[in-house]
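Undergrad: The structure's right below; bear with me while I get my questions together.
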Amino acid sequence: MATSRGRVVLREVSGIFPPPSPNEYLFLEGGQPLNHKISVRHPHNNDVLFTLFAWDHKDGALHYGLLHTACAIVADNRHDGYLSASRYPNAERLALDQTLP
């Protein structure tokens, strides 16, 4: 179809039903709700800043990149921080696609 501004390209028709879940996420289709959560605490006073459901693995885990981005938003869009299980970390840093249990 031609218009005064060029050619219009139509995409394939999409269905109203979502595609099937990938095999690694089939556990989410069960009838039981998962109660796996990860709480992020402030390093200074140990107060809980926020809690997210950890649904990226059947045993309860969250992708590091997602959690890091959530923390960066809370920290006024600062992306230079890192996550740690300790207030005084000396462990290696995780990759963005690794999961945190």
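Undergrad: Out of everything in segment 32-90 that is over 30 Å from residue 21 (Cβ atoms) and basic (Lys, Arg), what residue ends up being surrounded by the most Cβ atoms within 10 Å (Cβ to Cβ)?
TA: Per the criteria, the residue is 41.
Undergrad: Can you pull out the residues in segment 32-78 that are among the basic types (Lys, Arg), touching a strand residue (DSSP E or B) at 6+ places or on another chain (Cβ under 7 Å) and modelled with pLDDT under 90? Full working, then the answer.
TA: Narrowing segment 32-78 to residues among the basic types (Lys, Arg): 37, 41, 58, 78.
Narrowing the set further to residues that are touching a strand residue (DSSP E or B) at 6+ places or on another chain (Cβ under 7 Å) leaves 37, 41.
The answer is 41, and nothing else.
Undergrad: Right, another one. Scanning for something in contact with a Ser or Thr (Cβ under 6 Å, 6 or more places away or on another chain) and under 18 Å from residue 99 (Cβ atoms), does segment 42-50 turn up at least one residue? Write out each step before concluding.
TA: Kept after step one, since they are in contact with a Ser or Thr (Cβ under 6 Å, 6 or more places away or on another chain), are these residues of segment 42-50: 48.
Next, from what is left, pick out any that are under 18 Å from residue 99 (Cβ atoms): none.
There is no residue in segment 42-50 that is in contact with a Ser or Thr (Cβ under 6 Å, 6 or more places away or on another chain) and under 18 Å from residue 99 (Cβ atoms).
Undergrad: Next question, about the same structure. When you go through 80, 76, 59 one by one, which is the residue that is within 17 Å of the chain's Cα centre (by Cα) and part of a loop (DSSP other than H, G, I, E, B)? Reasoning before the result, please.
TA: Numbers: 80 fails: within 17 Å of the chain's Cα centre (by Cα); 76 fails: within 17 Å of the chain's Cα centre (by Cα).
Sole residue among the options that is within 17 Å of the chain's Cα centre (by Cα) and part of a loop (DSSP other than H, G, I, E, B): 59.
Undergrad: Filter segment 1-31 down to residues that are surrounded by 10 or more Cβ atoms within 10 Å (Cβ to Cβ) and among the aliphatic types (A, V, I, L, M) and give me whichever is modelled with the lowest pLDDT. Walk me through it before giving the result.
TA: Initial filter on segment 1-31 (surrounded by 10 or more Cβ atoms within 10 Å (Cβ to Cβ)): 21, 24-28.
Now drop any that are not among the aliphatic types (A, V, I, L, M), which leaves 26, 28.
Working: 26: 84, 28: 81.
Restricting to residues being surrounded by 10 or more Cβ atoms within 10 Å (Cβ to Cβ) and among the aliphatic types (A, V, I, L, M), the top hit is 28.
The values are calculated or read from the model by the stated rules, or taken from the named source; none is laboratory data. Computed from a prediction, not measured in an experiment: that's the story for all the values here. Glycine gets a Cβ as well: all are built from the backbone with ideal geometry, and neighbour counts include every protein chain shown.
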